[in-house]
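Asks: My questions will all concern the structure given below.
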Amino acid sequence: MKWLAAQKGHNVVGIDIVDLSAQQFFAENNVPFNKYTIDDDFFVYESTENAIKIKFFVGDIFDVSAQSAGYFDAVWDCNALVAIKPPDRNKYICKIDSLLKPSGCILLSTYEYDPTLHNTDPYPMTPDDIKLLFSSFYVQLVETMDASEYFNFKFPWSKRHVFQIKRK
Ligand SMILES: C[S@@+](CC[C@H](N)C(=O)[O-])C[C@H]1O[C@@H](n2cnc3c(N)ncnc32)[C@H](O)[C@@H]1O
């Protein structure tokens with residue numbers, strides 16, 4: 001996020017339901033900030049560094065609206081869909097769709113591993129699961145990496161997939 005804002009000059013908005021995520025982001029990246037509330041739904045941590053335009057919303061993604069956060073050219077879903085409970089996945093995709101500009105695109109990273117070993121956050125998903133979930137979009141699998149060392153559980157095989165997703 002800091003690279004996108006500081007090096008690339010983008011206006012960046014982050015979101016997490018856990019306040020500590022925002023606190024850690026600003027502390028680890030040494031970015032000064034103001035903290036305020038919007039609509040009683042969100043705390044917003046906003047960078048006060050002119051050259052680093054970052055807002056970090058703390059609240060439920062399902063409560064974010066284009067009115068409060070704007071419309072986005074791109075969404076970087078970095079292990080976020082994988083944290084959403086499977087029954088809520090379609091609702092999550094509708095929410096992302098509602099925040100994305102018509103020409104917008106999504107970069108998505110997911111994990112695939114044996115679901116009999118662990119079937120909770122981060123939930124495992126195959127590339128076919130992603131294609132089905134985003135069936136109204138073009139989905140391109142960009143990269144697959146070994147992720148067997150990622151989890152503390154050290155699953156015997158696991159993969160990290162990265163997808164580029166665009167509107168049809
Ligand atoms: C696997 S972590 C990924 C965190 C971060 N994006 C990263 O890659 O390090 C998933 C994150 O999703 C957040 N999360 C889960 N459900 C959420 C929701 N409904 N709204 C906003 N954030 C949520 C969790 O608090 C958690 O920090």
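Asks: Cβ-Cβ distance below 9 Å, separation of 6 or more or different chains: which pairs start in region 28-48 with a residue that is more than 16 Å from Asp16 (Cα to Cα) and without any contact (Cβ under 8 Å) to a residue 24 or more places away in the chain and end on one that is hydrophobic (A, V, I, L, M, F, W, C) and assigned to a strand (DSSP E or B)?
Replies: Phe33/Ile54; Phe33/Phe56; Asn34/Val44; Thr48/Phe33
Asks: Shifting gears a bit: Is there any pair with a first residue in region 128-143 that is surrounded by fewer than 17 Cβ atoms within 10 Å (Cβ to Cβ) and a second that is at pLDDT below 95 whose Cβ atoms are under 6 Å apart and which are 6 or more apart or on different chains, and what are they?
Replies: From region 128-143, the pairs are Tyr138/Lys168.
Asks: Would you mind stating whether Ala27 is surrounded by fewer than 15 Cβ atoms within 10 Å (Cβ to Cβ) and more than 19 Å from Asp77 (Cα to Cα)?
Replies: yes
Asks: I'm trying to understand the selection: among the residues of region 66-80, which are modelled with pLDDT of 95 or more and either among the hydroxyl-bearing types (Ser, Thr, Tyr) or part of a strand (DSSP E or B) (or both)?
Replies: Passing the criteria: Tyr71, Phe72, Asp73, Ala74, Val75, Trp76, Asp77.
Asks: Further question: Among the residues of region 36-65, what is the count of those that are more than 24 Å from Trp3 (Cβ to Cβ), in a strand (DSSP E or B) and of a type in the set (Ser, Thr, Tyr)?
Replies: Of the residues in region 36-65, 2 are more than 24 Å from Trp3 (Cβ to Cβ), in a strand (DSSP E or B) and of a type in the set (Ser, Thr, Tyr).
Asks: May I ask you to verify whether Tyr111 is within 13 Å of the ligand (Cβ to nearest atom), of a type in the set (Ser, Thr, Tyr) and in a helix (DSSP H, G or I)?
Replies: No; evaluated as a whole, the condition is false for this residue.
Asks: Answer yes if at least one residue in region 114-134 is touching a Ser or Thr at 6+ places or on another chain (Cβ under 6 Å) and of a type outside the set (S, T, N, Q), and no otherwise.
Replies: Yes, region 114-134 contains at least one residue that is touching a Ser or Thr at 6+ places or on another chain (Cβ under 6 Å) and of a type outside the set (S, T, N, Q).
Asks: Also, I was wondering about something else. If you take the residues in region 1-20 that are surrounded by 15 or more Cβ atoms within 10 Å (Cβ to Cβ) and in a helix (DSSP H, G or I), which one is farthest from the ligand (Cβ to nearest atom)?
Replies: Ala6
Asks: Pick from region 21-52 the residues that are of a type in the set (Gly, Ala, Ser) and more than 11 Å from the ligand (Cβ to nearest atom): which of them is farthest from the chain's Cα centre (by Cα)?
Replies: Ala51
Asks: Cβ-Cβ distance below 8 Å, separation of 6 or more or different chains: which pairs start in region 1-14 with a residue that is more than 21 Å from Phe42 (Cα to Cα) and among the aliphatic types (A, V, I, L, M) and end on one that is modelled with pLDDT of 95 or more and not in a strand (DSSP E or B)?
Replies: Every condition considered, the pairs that remain are Leu4/His10; Ala5/Asn11; Ala5/Ile52; Ala5/Lys53; Ala6/Ala51; Ala6/Ile52.
Asks: Regarding Pro124, is this residue under 17 Å from the mean Cα position of the chain (by Cα), closer than 25 Å to Asp88 by Cα and either of a type in the set (S, T, N, Q) or part of a loop (DSSP other than H, G, I, E, B) (or both)?
Replies: yes
Asks: Name the residues in region 146-168 that are of a type outside the set (Gly, Ala, Ser), part of a strand (DSSP E or B) and surrounded by 11 or more Cβ atoms within 10 Å (Cβ to Cβ), would you?
Replies: Those that are of a type outside the set (Gly, Ala, Ser), part of a strand (DSSP E or B) and surrounded by 11 or more Cβ atoms within 10 Å (Cβ to Cβ): Lys159, Arg160, His161, Val162, Phe163, Gln164, Ile165, Lys166, Arg167.
Asks: Would a scan of region 81-99 turn up a residue that is in contact (Cβ under 8 Å) with a residue 40 or more places away in the chain and part of a strand (DSSP E or B)?
Replies: no
The values are calculated or read from the model by the stated rules, or taken from the named source; none is laboratory data. Remember, predicted model here, so these are calculated numbers, not experimental data. Methodologically, a virtual Cβ is constructed for each residue, glycine included, from the backbone with ideal geometry; neighbour enumeration extends over all protein chains shown.
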